[in-house]
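Inspection log for the structure reproduced underneath, given as structure tokens.
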Amino acid sequence: MRGENLEARISTHQTILLLIVTVLGTAILLLPELIIHNARQDAWLSVILLMFFGLFNAGIYYLLTKQMGNKDLITFTRLVFGRVLTFVVMTILLIYFVFINGTIVREVAEVMKGIYLPRTPLWFFNCTIVLTAVILVSYGLEVIARSLEMTFYLFLISFLLTVLMLSKDLSFAALQPILGNGLAPVVKGLYPGTLFFSELFMILIFAPQITKKNKIPKILTGAVIVIGVVLTIVVCLAVMIFGPNLAANLTFPLLSAHRYVQAFGIIERLDPLFIFYWIGGGIFKVTIFLYAIVYLMKNFFELANYHVFIPIVGVGIIYISLYYFDNVVEVALFIEQSVPYFLAVQLLYPALLLLVSKLRGINCS
Amino acid sequence: MWKEVKDWFTDILKCNCQAKLSRKETFTDKLNQNQKRLKLKFDNIEDVKFRNITLTDEANNYLEAVLIYIPSLVDKGIINDNILTPLLTPQSEDKLGLLEEEKNIKEISNKINVEDITEICEIETGINDILAGNALLLINHISCAVSISIQGWQERSVERPIIERTVRGPSEGFMENIEVNLGLMRRRIKNNDFKIETFTKGKYTQTQIKVAYIKGVANKKIVKEIKKRVQSIQTGQIIGSRHVLELIEDNPLSPFDTIYETERPDVATAGILEGRVSVLVDGSPSVLIAPMLFMENLVSPEDYYNNFYYTFVARIIRFLGFLVSILLPALYISFLAFHQEILPLTLVNTIYSAREGVPFPIAIEMIVFGLFFEGIKEAVARIPQALGSSVTIVGALILGDAAISAGVLGADSVIIGSLTGISMFVLPSVEFNNTLLLLRGLFVIGAAISGFYGITIVVLLVIAHLVSLRSFGVPYMSPAAPLQITDLKDFFIRVPYLIMKTRPQSLETENKVRQDNYPVKRYFFKYELTENEE
């Protein structure tokens, strides 16, 4: 809208928050269940291993951003792979982004519909979520970053308040025995987490717009550490309250923990806080992914602004989120089955790009 | 041949030039002609007075003159004592030399004992001066007029500010006269870097607009932008400072004001000293300050006159009042209609048993009560003061009580509605209060549709809107987003003046240092008091 001709600039602090919310937006609710299911009481070890995986990813992305310099992802791909292959890559990226965004919208909506507002139709949630994201994206990246700056700490406070309220019910005995079943379940618990941690590849989209490019390693490590710590807290919370066996059978351990809270003798459950950061985080995640795809398309077609693409992609996302899945089980199955495909885009594509650009000696910085 | 054509061309051009020049009419040296032209201009205007006078000296030489003014705009005492008396009294050593054909206008104007006298030659300027409250003296044989500034109309004196009242601090308020307002500010900033530039806007109102700032402190680009926007105003009339505010604002469609309006000179000068620019509008008792940040809606001038610990508490209370006044009805609706599970069972029981028999949904009840409250507010503000108490008694006490006992409104809805209404008055800014009405409505609608989910969506949209606003290039939510840690010193807390060393970073001032106090030894022992100084 305003200032569309100016290149957006985001600060280091804002980029860290954007990356955190990209990963944690949905991971905070979905990932603990997936990890605890396999790793049981050693889930926190899985999370720590995942952090190392995240750092490894971050290394690749950092090297790639160094190669990219001021070029954005799709222009750089065109330089490295040539025009024809870039067209293929762009198509794959479009499909990837529409599908992953549709899945996120559906997840957020299903939790709301399934648990809080069962009589509200699903399309209402899907449409309002996508509409909010569309409005945020049309304001531009700077506004997205600044709104996140305003709301992120509210999300964090809501989360930490719950943790604080629960702290009297935690039992450390539930975390023992450590590595009781060997390392195998811990590694098995890693697998779904790789999907979320490689979502850090959003840094490749933000990179040309960061004011201080030499801070990118700091941004990536900061984001990985915050994500890891929050996930560790969530996983430990679930295991220490419900015990490993019960926690493994809960669909949403964090949500159950919220409903377990009793505070100040007047509040029986802290669900509103959960709704606040779940919906808020979810919408920001959808916003960031929507921004990423329209930004890439803008650069692919070499246009001045991306507002043309927002309604097109938005309708696609609503369509996928409403009609591609029949119910929650299918969503969960889809996520589980599509991990390798998502990883191919999030990890393999940047790695290949880095490798080929190194081999061909293309360096834009 | 060629030369003749060239001459002919230059003649034509000269003619054109002269025609253009003659469009700006000037006074001629014949009094009758001047007077006739002015009378034609002031056709059908009865309150312009033409006073014919004859200047004489001892030798009975005389000179015709005419004094033109609008009696309701000028001070008649000055006309009598300082203009007519010295001009009409013949003096013994008269050096007017009235016999000479060439009259020196300076010698005549030297006799007038008024401080502000200017010599003008254009008729248009003369007319504007008369309409602005000057007197115009036309003298026979002189092709210029003397414009004498003798404005003196009825106006109120400097009074206490009505809206922004404080317990401590100065209690002067701006008034309708722009010169007095400027004087109030000048008295607080005694520096020659304090610059003022005047614009006259409005074809009919000829309103003066003054832009004031401190050169070397305020950002050059912001000053330039404000002057550009004021200069670009094209209007027939300027009604008040609000009119100017909306004409030069960044976001005229936003419900939030991005220019601060104050009626206190101390607030205006504090803003200027922080590196802001202020815009004064003649005829309006409030002054505009730009750029403005969102947090200033929650700041009262009192914060700077109180102890800083108390300021912290007061600002927190104001912030809570702000949150309560926009969110409480929405939260109440979402808790009772959508998320009953978070309240204890006994509380839910009490509320619902009290609500038994109430026919409306909670959301409708809250909207009706909100409108009712706004109605009372509006009524009390408009009706004569003597009737105010009867409206409050009938409206608030009898109606409210009867509505509950008749079972139309739930007692708890009345409590929530009243709490919201009271917390509104915690906020110092009236304009901001009116903005909150809209926000409250949005939140109530969001909550009525889908409980906490709707509230969250509205929160995100409102924050996105707030964050997208800019006031003359400065982000509206500035110290919070984008985060500027040094500016948090005057955000929720006001740190002691001793360590408030820099001006706000977000205003991008040219001189960043506000003060540079050397650490002084702040205590000394008792013997230092008793010992004699050597």
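Can you find even one residue in segment A:164-172 that is within 14 Å of chain B (Cβ to nearest Cβ) and modelled with pLDDT under 90? Lay out the reasoning, then the answer.
Looking only at segment A:164-172, we keep the residues that are within 14 Å of chain B (Cβ to nearest Cβ), and these are A:165.
Right, trim to modelled with pLDDT under 90 and you get A:165.
Yes, some residue in segment A:164-172 is within 14 Å of chain B (Cβ to nearest Cβ) and modelled with pLDDT under 90.
Which residues, counting only those in segment B:177-188, are part of a loop (DSSP other than H, G, I, E, B) and loosely packed, with under 14 Cβ neighbours inside 10 Å?
Taking segment B:177-188 first, the residues part of a loop (DSSP other than H, G, I, E, B) are B:177, B:187-188.
Passing the criteria: only B:Arg187.
Just checking, which of B:Gly417, B:Gly473, B:Gly388, B:Gly421 is within 30 Å of the chain's Cα centre (by Cα), under 29 Å from B:Ala314 (Cβ atoms) and modelled with pLDDT of 85 or more?
Details: B:Gly417 fails: within 30 Å of the chain's Cα centre (by Cα); B:Gly473 fails: under 29 Å from B:Ala314 (Cβ atoms); B:Gly388 fails: modelled with pLDDT of 85 or more.
Answer to the selection: B:Gly421.
Restricting to segment A:35-80, and then to whatever is of a type in the set (Phe, Trp, Tyr) and at pLDDT 90 or above, can you tell me which residue is farthest from A:Tyr191 (Cα to Cα)?
Going through segment A:35-80, the residues of a type in the set (Phe, Trp, Tyr) turn out to be A:44, A:52-53, A:56, A:61-62, A:76.
With the extra rule that they be at pLDDT 90 or above, the set shrinks to A:52-53, A:56, A:61-62, A:76.
On the way: A:Phe52: 13, A:Phe53: 11, A:Phe56: 15, A:Tyr61: 20, A:Tyr62: 23, A:Phe76: 30 Å.
Here the answer is A:Phe76.
Only residues in segment A:344-362 that are within 17 Å of A:Ala58 (Cβ to Cβ) count as the first member; pair them with residues that are in a helix (DSSP H, G or I) and charged (D, E, K, R), Cβ under 9 angstrom, at least 6 apart or cross-chain, and list the lot.
A:Gln346/A:Glu199
Please count how many residues of segment B:352-368 are under 21 Å from B:Arg440 (Cβ atoms) and either touching a Phe, Trp or Tyr at 6+ places or on another chain (Cβ under 6 Å) or not in a loop (DSSP other than H, G, I, E, B) (or both).
Summing the residues that are under 21 Å from B:Arg440 (Cβ atoms) and either touching a Phe, Trp or Tyr at 6+ places or on another chain (Cβ under 6 Å) or not in a loop (DSSP other than H, G, I, E, B) (or both) in segment B:352-368 gives 7.
Filtering segment A:311-323 down to residues that are in contact (Cβ under 8 Å) with a residue 12 or more places away in the chain and over 20 Å from the mean Cα position of the chain (by Cα), which residue is surrounded by the most Cβ atoms within 10 Å (Cβ to Cβ)?
A:Leu322
Kindly indicate which of A:Pro217, A:Pro244 is buried (at least 19 other Cβ atoms within 10 Å of the Cβ) and assigned to a helix (DSSP H, G or I). Give the steps one after another, and end with the answer.
Numbers: A:Pro217 fails: buried (at least 19 other Cβ atoms within 10 Å of the Cβ).
Exactly one residue qualifies, and that residue is A:Pro244.
If you go through segment A:184-204 one residue at a time, how many are under 30 Å from A:Leu141 (Cβ atoms), among the β-branched types (Val, Ile, Thr) and buried (at least 22 other Cβ atoms within 10 Å of the Cβ)?
Result for segment A:184-204: 1.
Could you pull out the residue among B:Tyr453, B:Tyr476 that is in contact with a helix residue (DSSP H, G or I) (Cβ under 7 Å, 6 or more places away or on another chain), closer than 21 Å to A:Phe125 by Cα and either within 10 Å of chain A (Cβ to nearest Cβ) or touching a residue at least 40 places away in the same chain (Cβ under 8 Å) (or both)?
Working: B:Tyr476 fails: closer than 21 Å to A:Phe125 by Cα.
Of B:Tyr453, B:Tyr476, the one residue that is in contact with a helix residue (DSSP H, G or I) (Cβ under 7 Å, 6 or more places away or on another chain), closer than 21 Å to A:Phe125 by Cα and either within 10 Å of chain A (Cβ to nearest Cβ) or touching a residue at least 40 places away in the same chain (Cβ under 8 Å) (or both) is B:Tyr453.
Go through (1) within 14 Å of chain A (Cβ to nearest Cβ); (2) in contact (Cβ under 8 Å) with a residue 24 or more places away in the chain; (3) aliphatic (A, V, I, L, M) for B:Leu461 and report which single condition fails.
(2)
Which of the strands (runs of 3 or more DSSP E) found entirely inside segment B:198-289 contain at least 2 residues meeting this: in contact with a Gly (Cβ under 8 Å, 6 or more places away or on another chain) and within 17 Å of B:Glu176 (Cα to Cα)? Before you say what the answer is, go through the steps one by one.
Working: elements: B:207-214, B:260-262, B:277-281.
Of the strands (runs of 3 or more DSSP E) lying wholly inside segment B:198-289, those with at least 2 residues that are in contact with a Gly (Cβ under 8 Å, 6 or more places away or on another chain) and within 17 Å of B:Glu176 (Cα to Cα) span B:277-281.
Residues are listed down the side, and each one gets a yes or a no for (1) at pLDDT below 85; (2) surrounded by fewer than 17 Cβ atoms within 10 Å (Cβ to Cβ):
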residue: B:Cys121; (1), (2): yes, yes
residue: B:Asp129; (1), (2): no, no
residue: B:Ala135; (1), (2): no, no
residue: B:His141; (1), (2): yes, yes
residue: B:Ile148; (1), (2): no, no
residue: B:Gly152; (1), (2): yes, yes
residue: B:Arg156; (1), (2): yes, yes
residue: B:Glu159; (1), (2): no, yes
residue: B:Val167; (1), (2): no, yes
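Return yes or no: is B:Phe308 closer than 30 Å to B:Val458 by Cβ and aromatic (Phe, Trp, Tyr)?
On the way: closer than 30 Å to B:Val458 by Cβ: no; aromatic (Phe, Trp, Tyr): yes.
No; evaluated as a whole, the condition is false for this residue.
Restricting to segment A:130-152, what's the tally of residues that are over 19 Å from B:Ile457 (Cβ atoms) and more than 9 Å from every other protein chain (Cβ to nearest Cβ)?
Here the count works out to 1.
Mind checking whether some residue in segment B:478-487 is part of a helix (DSSP H, G or I) and surrounded by fewer than 18 Cβ atoms within 10 Å (Cβ to Cβ)? Quick ask: steps written out before the conclusion?
Residues of segment B:478-487 part of a helix (DSSP H, G or I): B:485-487.
Cutting the leftovers down to surrounded by fewer than 18 Cβ atoms within 10 Å (Cβ to Cβ) gives us B:485-486.
Yes, there is a match, as at least one residue in segment B:478-487 is part of a helix (DSSP H, G or I) and surrounded by fewer than 18 Cβ atoms within 10 Å (Cβ to Cβ).
The values are calculated or read from the model by the stated rules, or taken from the named source; none is laboratory data. All figures in this text were calculated on a predicted structure; none of them were measured in a lab. Neighbour counts are summed over all protein chains in view; Cβ atoms, including those assigned to glycine, are modelled from backbone coordinates with ideal geometry.
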